[in-house]
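Some notes on the structure that comes next.
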Amino acid sequence: MEIRNLGVMCYIQGFTQYHYKAGDMILSRVLDPGFFNEALHMCFIGDMIVVSGSAGGMSLFVVSKANEAVVVEAMRFNFGGSKNAHGA
């Protein structure tokens with residue numbers, strides 16, 4: 001990760017939304033464990049990272065900061081009538 005490609009889009013009520021400019025890299029790399037570790041001091045659980053690049057984009061949530069590592073998951077939307085993201 002290049003820290004200079006990560007910027008704050010907005011901050012409100014303790015929540016920060018970031019944008020990461022991925023350029024020509026393979027987008028799935030942002031899901032690799034530790035990819036955002038350089039931003040450990042900036043990110044908090046629940047923050048969102050919008051990623052854009054020449055191959056498309058995705059939105060991520062920071063889900064953990066365990067063991068000095070930033071862990072993200074791709075945002076999932078549920079419009080199919082299930083009660084939660086796990087289908088229960």
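The values are calculated or read from the model by the stated rules, or taken from the named source; none is laboratory data. Since we're looking at a predicted model, the values are computed, not measured. Every residue, glycine among them, receives a Cβ derived from its backbone with ideal geometry; neighbour counts consider all protein chains shown.
Would you be able to say whether some residue in the stretch 16-32 is touching a Cys at 6+ places or on another chain (Cβ under 9 Å), under 15 Å from Met1 (Cβ atoms), of a type in the set (Val, Ile, Thr) and assigned to a strand (DSSP E or B)? Let's see the steps before the verdict.
Just the residues of the stretch 16-32 that are touching a Cys at 6+ places or on another chain (Cβ under 9 Å), to begin with: 16-18.
If we keep only those that are under 15 Å from Met1 (Cβ atoms) as well, we get 18.
From what's left, of a type in the set (Val, Ile, Thr): none.
Checked against the condition, which is being touching a Cys at 6+ places or on another chain (Cβ under 9 Å), under 15 Å from Met1 (Cβ atoms), of a type in the set (Val, Ile, Thr) and assigned to a strand (DSSP E or B), the stretch 16-32 yields no hits at all.
Quick one: how many residues across the stretch 38-52 are loosely packed, with under 15 Cβ neighbours inside 10 Å and within 13 Å of Ser64 (Cβ to Cβ)?
Looking only at that region, the number is 4.
Would you be able to tell me the number of residues in the stretch 33-54 that are more than 17 Å from Glu73 (Cβ to Cβ), in contact with a strand residue (DSSP E or B) (Cβ under 8 Å, 6 or more places away or on another chain) and part of a loop (DSSP other than H, G, I, E, B)?
2
I'm trying to understand the selection: among the residues of the stretch 14-25, which are loosely packed, with under 12 Cβ neighbours inside 10 Å and modelled with pLDDT of 90 or more?
Residues satisfying the conditions are Phe15, Gly23, Asp24.
In the stretch 4-13, which residue that is touching a residue at least 12 places away in the same chain (Cβ under 8 Å) and under 16 Å from Phe44 (Cα atoms) is surrounded by the most Cβ atoms within 10 Å (Cβ to Cβ)?
Leu6
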